[in-house]
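Participant: Handing you this structure, nothing more for now.
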Amino acid sequence: QVQLVESGGGLVQAGGSLRLSCAASGIFFTFNVMGWYRQAPGKQRELVAAIGSGGITNYAESVKGRFTISRDNAKNTVYLQMNSLKPEDTAVYYCNAGGALSRNWGQGTQVTVSS
């Protein structure tokens, strides 16, 4: 059974930083594309960042230069380092394995950025 467990969310002031972690089990982690998505109230879920098995990354335009996705295949863990946070980054952040059409989602972690 696939499990994706996020941690690291919280409340931070604008300009601050947070690091999200997602520990995966039940999948061949090394071979999976791993991604972070977010959903703000009243909005659709959107891709924030993704990292392929070979380390190639993809970012939403709104977070380029501020967020960094990385993975540790030895620990089956993917990270999202978020710097220079803005109030518009406030959302529930979800970890995903295998792409948006997969069923592999974490439970989500709340990130709130105060102005």
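The values are calculated or read from the model by the stated rules, or taken from the named source; none is laboratory data. The structure displayed is predicted, hence computed values, not measured ones. As a convention, Cβ positions derive from the backbone with ideal geometry for all residues, glycine included, and neighbour counts pool all protein chains shown. Note: areas computed on protein heavy atoms with side chains; ligands, DNA, RNA excluded. Shrake-Rupley method; radii C 1.70, N 1.55, O 1.52, S 1.80 Å.
Participant: With every protein chain left in place, what is the accessible area of residue 69 in Å² (1.4 Å probe, nearest 10)?
Facilitator: Residue 69 has an accessible surface of roughly 10 Å² with all protein chains in place.
Participant: For the full complex of protein chains and a 1.4 angstrom probe, list 89, 72 by accessible area with the highest value first.
Facilitator: Values: 89 0, 72 45 Å².
Solvent-accessible surface, decreasing: 72, 89.
Participant: Please identify the trypsin sites (Lys or Arg not before Pro) of the stretch 20-53 that satisfy two criteria: DSSP loop assignment and at most 13 other Cβ atoms within 10 Å. Which are they?
Facilitator: On the way: sites: 38, 43, 45; in loops: 43, 45.
Passing both the DSSP loop test and the Cβ count: 43.
Participant: With every protein chain present, what is the per residue accessible area of the chain (1.4 Å probe, Å²)?
Facilitator: On the way: 6140 Å² over 115 residues.
Result: 53 Å² per residue.
Participant: What number results when the radius of gyration of the chain, computed over Cα atoms, is divided by 2.2 N^0.38 Å? Kindly include the intermediate steps, with their values, before the conclusion.
Facilitator: On the way: Rg = 13.1 Å, N = 115, 2.2 N^0.38 = 13.4 Å.
Here the Cα radius of gyration is 0.98 times the empirical estimate.
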